[in-house]
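The values are calculated or read from the model by the stated rules, or taken from the named source; none is laboratory data. Note that this is a predicted model, so its numbers are computed, not measured. Quick reminder, even Gly has a Cβ in these numbers, built from the backbone with ideal geometry, and neighbours come from all protein chains shown.
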Amino acid sequence: MACLRHLNGMFALAIWDGRRRRLSLARDRLGIKPLHYFRDGRQMVFASEIKAILCDPAVSIDIDMEAIDLYLTLNYIPAPRTIFKNIFKLPPASFLWSEGSGCHVEEYWDIPREDTAPGKPPGTDTADLEQLKKELRDLLDASVKRRLISDVPLGAFLSGGIDSSIIVALMARNANRPVKTFSIGYKDLPSFDETVYAREVARFNRTEHHEFKLSYRDILEAFPTVLENVDEPYADSSAVPTYIVSKETKQHVTVALSGDGGDELFAGYRMYRGEHWSKYYNVIPKFLRNGLIAPLVEAMPDSRDKPRGEAIRRLKKFLRGTDLPFPERFCAWREVFPFSLRQQLLRAPSHENGHLALVQRLFETERRRFGQDVLNLMLAMDVKGLLPGDMLTKVDRMSMANGLEVRVPFLDHTFVEYAFGLEGDLKLRGKIGKYILLETFKDLLPPVLHQRPKWGFEMPIGAWLKGELKFLINEYLSADLLRQQAIFDHDVVATLVQEHINGRRDTSWQLWNLIVFQHWLKTWM
């Protein structure tokens, strides 16, 4: 499969060598496209979707309890596992070959070590930085140009964030007509609505802009279809608005470019800043941190629905991780259900923290590659975990469910390799994430975006579960149903519900995670 090293872009492929009776499967480097397979020692069945594999009557549909534990942890099930035993995801940048009863999986590409990557800076002076910015800009511009090649109508998702705005700006400068852009927002919930920023980017680049505003009814109508198109439990709430914006976008174009990957390459998430600030926080004497500050913050009510409550929620999560060793801290900041809560929630809990075991293995591998550059180590772990497992899964499933092809310029492997050659302090400067990315493309962004804090493409699920969508709790998380299924402890679930409804603690992500699982269970099993 040496040919794979010459391919650029997204793909999932299968090759049958009839003479040697050998099957080969392969998946693109970053995991943009999915590939699943079933094997039981006698046969192999493969497809891009699990539902296609399940059409074979010989395929068993036994649930993997360890996969449930991982799902509760992350909102998704990371490769190579799926919710079903004997059905697997082929990991990104891997190929599989099967001859006779044997099956082998190998990696054909990996993120280069920082000291061997193309972007390794020769020094730290201004001239060197300017050269890095030029090379970074040229590479992303070339990636966008490659993804503009199309014989069908083409547009772009525009969230109003940095990454999608850069992609739209480069598209506008390389297209011979106004770029069609598509944004989504929420009616009557301004703290979740980014359309004002998207509108400004559209005006700045003179795009043909389309904007859609959602209500809880839109979410409710799309909810079943969204879950039917992921085949296994998947609880990233932004999948629903992604499905809707894909549906609306397909009314105008057949291909759309997105800004996915920018956060994982250039430190856009809050947890990267948390890692930076944790070393300063830990200078405070431990007796003050654990005896005064942490209990005081933990006693405050938090909420995703209001800025003050959201700030408290983030602070609580930060404090829970600061005292832990790096792998445990990484887990604490990523987890939906912490291990201790999963132990209480599951009627048959796992004795091992499966997520921590995965993180520790990945940490040991990446630490040997990135050494003391903790930020790039974290980014590499997310490029291999969060990005294909959650972000790219969401965009691929929701767009393809509507017949829309989404292309991802940030994930051209030549650009990824260069980005990992840049030292961590060029990506995160104090509280400023994506530092070099912003400096490189500042002239292509309207001023309002230059200092804009990141806000994820989230759904206001916390507010809706207290009101318009509260019936989902009653339908899927009732004590009678939970007792009958014997998977989750109904008392633990009841406590999570009560805390959220009373405003004591925002447990909306955890409740949504359970609702999605219950809907999947009802639909598939």
Checklist entry - Restricting attention to the stretch 10-24, does a residue exist that is touching a residue at least 40 places away in the same chain (Cβ under 8 Å) and touching a helix residue (DSSP H, G or I) at 6+ places or on another chain (Cβ under 7 Å)? => result no
Checklist entry - If you go through the stretch 208-217 one residue at a time, do you hit one that is in contact (Cβ under 8 Å) with a residue 60 or more places away in the chain and of a type in the set (S, T, N, Q)? => result no
Next on the checklist: Can you tell me which residue is modelled with the lowest pLDDT among those in the stretch 148-174 that are part of a loop (DSSP other than H, G, I, E, B) and among the small types (Gly, Ala, Ser)?
Outcome noted: 160
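Listed here are the residues, each with its yes/no results for (1) under 29 Å from residue 466 (Cβ atoms); (2) acidic (Asp, Glu); (3) free of Cβ contacts under 8 Å to residues at least 40 places away in the same chain.
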{"residue": "272", "(1), (2), (3)": "no, no, no"}
{"residue": "283", "(1), (2), (3)": "no, no, yes"}
{"residue": "296", "(1), (2), (3)": "yes, no, yes"}
{"residue": "305", "(1), (2), (3)": "yes, yes, no"}
{"residue": "313", "(1), (2), (3)": "yes, no, no"}
Checklist entry - Of all helices (runs of 4 or more DSSP H) completely enclosed by the stretch 316-407, which ones contain at least 2 residues that are under 23 Å from residue 514 (Cβ atoms) and over 17 Å from the mean Cα position of the chain (by Cα)? => result 339-345, 354-370
Checklist entry - Does the stretch 272-293 contain at least one residue that is at pLDDT below 95, among the acidic types (Asp, Glu) and surrounded by 14 or more Cβ atoms within 10 Å (Cβ to Cβ)? => result yes
Item to check | So residue 145, is it part of a helix (DSSP H, G or I), farther than 21 Å from residue 250 by Cβ, in contact with a Ser or Thr (Cβ under 8 Å, 6 or more places away or on another chain) and among the basic types (Lys, Arg) | outcome: no
Checklist entry - Mind checking whether some residue in the stretch 408-430 is modelled with pLDDT under 90, surrounded by fewer than 23 Cβ atoms within 10 Å (Cβ to Cβ), outside the structural domain of residue 513 (by TED's automatic domain parsing) and over 20 Å from the mean Cα position of the chain (by Cα)? => result yes
Checklist entry - Across the stretch 45-66, what is the number of residues that are among the small types (Gly, Ala, Ser) and touching a residue at least 24 places away in the same chain (Cβ under 8 Å)? => result 2
Checklist entry - Assuming residue 348 fulfils every condition listed in (1) surrounded by 14 or more Cβ atoms within 10 Å (Cβ to Cβ); (2) within 22 Å of residue 489 (Cβ to Cβ) apart from one, which condition is it? => result (1)
Checklist outcome for this item: Checked 80, 92 against criteria (within 30 Å of residue 351 (Cβ to Cβ), surrounded by fewer than 19 Cβ atoms within 10 Å (Cβ to Cβ) and at pLDDT 95 or above); the one match is 80
Next on the checklist: Anything in the stretch 284-315 that is in a helix (DSSP H, G or I), more than 23 Å from the chain's Cα centre (by Cα) and of a type in the set (Gly, Ala, Ser)? List them, or say none.
Outcome noted: 291, 294, 309
Item to check | Matching entry among 440, 495 (being polar (S, T, N, Q), in the same structural domain as residue 197 (by TED's automatic domain parsing) and not in a loop (DSSP other than H, G, I, E, B)) | outcome: 440
Next on the checklist: So, in the stretch 345-404, how many residues would count as being at pLDDT below 95 and assigned by TED's automatic domain parsing to the domain that holds residue 430?
Outcome noted: 0
Item to check | Positions within the stretch 35-92 being hydroxyl-bearing (Ser, Thr, Tyr), farther than 17 Å from residue 516 by Cβ and assigned to a loop (DSSP other than H, G, I, E, B), in sequence order | outcome: 48, 60
Checklist entry - When you scan the stretch 202-268 for helices (runs of 4 or more DSSP H) that lie fully inside it, which ones turn up with 3 or more residues that are polar (S, T, N, Q) and either more than 20 Å from the chain's Cα centre (by Cα) or assigned by TED's automatic domain parsing to the domain that holds residue 430 (or both)? => result 239-250
Checklist outcome for this item: A careful count of residues in the stretch 10-34 that are in a loop (DSSP other than H, G, I, E, B) and buried (at least 17 other Cβ atoms within 10 Å of the Cβ) gives 8
Next on the checklist: I'm trying to understand the selection: among the residues of the stretch 183-201, which are modelled with pLDDT under 80, under 20 Å from residue 248 (Cα atoms) and part of a helix (DSSP H, G or I)?
Outcome noted: 192
Checklist outcome for this item: The number of residues in the stretch 51-107 that are within 19 Å of residue 1 (Cα to Cα) and among the aliphatic types (A, V, I, L, M) is 4
